[in-house]
1. So in the stretch 216-258, with the set limited to residues that are outside any strand (DSSP E or B) and more than 21 Å from the chain's Cα centre (by Cα), which one is surrounded by the fewest Cβ atoms within 10 Å (Cβ to Cβ)?
2. Kindly list the number of the only condition in (1) under 19 Å from the mean Cα position of the chain (by Cα); (2) surrounded by 20 or more Cβ atoms within 10 Å (Cβ to Cβ); (3) within 25 Å of LEU234 (Cα to Cα) that fails for LEU160.
3. Determine the pairs where a residue that is within 25 Å of HIS93 (Cα to Cα), located within the stretch 53-73, has a partner that is among the aromatic types (Phe, Trp, Tyr) and surrounded by 13 or more Cβ atoms within 10 Å (Cβ to Cβ) with Cβ atoms under 8 Å apart, the partner being 6 or more residues away or on another chain.
4. What do you reckon, is ASP259 more than 15 Å from VAL332 (Cβ to Cβ) and of a type in the set (Asp, Glu)?
5. Whether any residue in the stretch 169-190 is of a type in the set (A, V, I, L, M, F, W, C) and open to solvent by 20 Å² or more (accessible area, probe 1.4 Å) is what I want to check.
6. Using beta carbons and a limit of 6 Å, which pairs, at least six apart or on different chains, have the first residue in the stretch 297-320 and under 13 Å from ARG262 (Cβ atoms) and assigned to a helix (DSSP H, G or I) and the second one of a type in the set (Val, Ile, Thr) and at pLDDT below 90?
7. Say whether the condition of being closer than 20 Å to ARG331 by Cα, out of contact with any Leu (no Cβ under 9 Å at 6 or more places or on another chain), open to solvent by 20 Å² or more (accessible area, probe 1.4 Å) and part of a helix (DSSP H, G or I) is met by at least one residue in the stretch 82-92.
Amino acid sequence: MNADAEKSIGRADEAGRLGIAVIGAGVRGSRLARTLQESRDWNLAAICDPDAMRAAELSRKLGGAPHFGTIDEALDCVPLDTVAVATPLRFVHGTAMTALRAGKHALVERPLADSLERGLELVAEAQSNSVVLMANHAHSFTPAVQHLRTLTLSGSLGELLFVDVVRTGTLPDPAQRDVFWDLAPESLAILDRVLPEGLNSREVSAFGGDPLGTGRDCVGHINFRLGNDALAHLYVNRLSCVIRHQVVIAGSRLTVLWDGMRPGNQLSVVASKPGWDTGTLPGHWRESRQPWNTESFPAAIHGQETHLVAEFARRIREADGLASPDASALRVLAMLDAVAVSCSREGMASPVRPPVAAGKAVKP
C-alpha cells in the first residue's frame, strides 16, 4: 500500500470515526482491534507488532489495515488520532510515552504502567500535550457495573459488611510481572468504581505463592479495610482450570454478586436478612439462577470492550479527561505498589501512597 493511501486511512473518515493504531497483535491486542473495527466510533488505521507474521495475519483477518513493526513506523506513515497499547506490561510505559509525546490520545492496556511513579509520568505527559490518557479497565464501563455502582452509592445494600473478589485464570502469563499485576488490576478498578469511597484504604496486606517454581507469584491474596472497618479480600489465581471473575459485596440489607463471565445477566441480588423483598428491585438486580455457559466467555469479554471503546471516544470528543488524569488508574497503581511491598515483607501491612499528579492529590 502506498504512503498516500496509508495516510488517508489514518485520518477520521467522513463518518467522523477516529483513526487508531493498535500496538500489539497478541490475544488482547487482537480482541481489542476487532472491537475497534466493529465500532462506529473508530477507524482501525494500523496494527503494530514486532512479529511481522502475526501483525500481517491480524491485518488480513480485519480487512487489510496497514501493519508495521514499531509504533514509530506507524506514526511516520499514518496520521493517527489515537494509539491503543496492548503490549506486555514491561513495554507499556515506553510505548505509551512515545504516543503521548507525538500528541496522540492513548488507551493503555491494564494496568496503566508497571509502577505508580511511571503512571504519574504518563499522566504528566498527557496533561502537557492536552491529550486523553485512559487505562483499559473495560469492566468499569459496562451497564452491570454501573448498576452495581448505583446500588452501593444509593445505600440500598445497607451498611457494608464485607467485599469478596475471586479472579482466576488458566496458566501463568510469562509476559506479566506476577499474578497480582496480571489479574488484580481489573478487579481493583471495579471496586474503585462501585465502592462509596473508592479505593481509599491507607494500607494493604498481601501474600502470594509460586508452587510451580516459575520465579513469580501465581496465586495470591490481597486484604484491606474499608472506611467503616469492613474487610475487602481479593483472591487471584493463575493455576486454576476454571476462568472466574466474581465480586461479592455484602450489606446489612442486600448482598450483590457480579459475575463478569456471564454476559447479559451479570448481577444477582439476595436478601442479607430474611424478609427483605428483592422483588421490588429492577429485573436485572434480582436473584438469577441462570447456569454458566463457558462458551459465552468470549462474548462477555467482547461486550465489555465495546463499552470501553465507546467511553474512550466520548472522552476524546467531549475533552472529558484533558484537564484531569485517569484518577482511578492511578489509585489502582498505588494499591499494586503497596501489594508488591507487602509481598516482599511476607504479608506485613504496607501503606498505600496517595497518587499525586501535577503537584496535586488525585481525587475521584
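1. ASP229
2. Tallying (1) under 19 Å from the mean Cα position of the chain (by Cα); (2) surrounded by 20 or more Cβ atoms within 10 Å (Cβ to Cβ); (3) within 25 Å of LEU234 (Cα to Cα), LEU160 fails exactly one: (1).
3. Final answer for the pair search is ALA55/PHE68.
4. Considered against the rule, which asks whether it is more than 15 Å from VAL332 (Cβ to Cβ) and of a type in the set (Asp, Glu), ASP259 comes out as yes.
5. yes
6. GLN304/THR142
7. yes
The values are calculated or read from the model by the stated rules, or taken from the named source; none is laboratory data. This structure is a prediction, so every number in the text was calculated from the model and none was measured. Using ideal geometry, Cβ is built from the backbone for each residue, glycine included, and neighbour counts are taken over all protein chains shown. Surface areas here come from the heavy atoms of the whole protein model, side chains and all, with no ligands, DNA or RNA. Shrake-Rupley method; radii C 1.70, N 1.55, O 1.52, S 1.80 Å.
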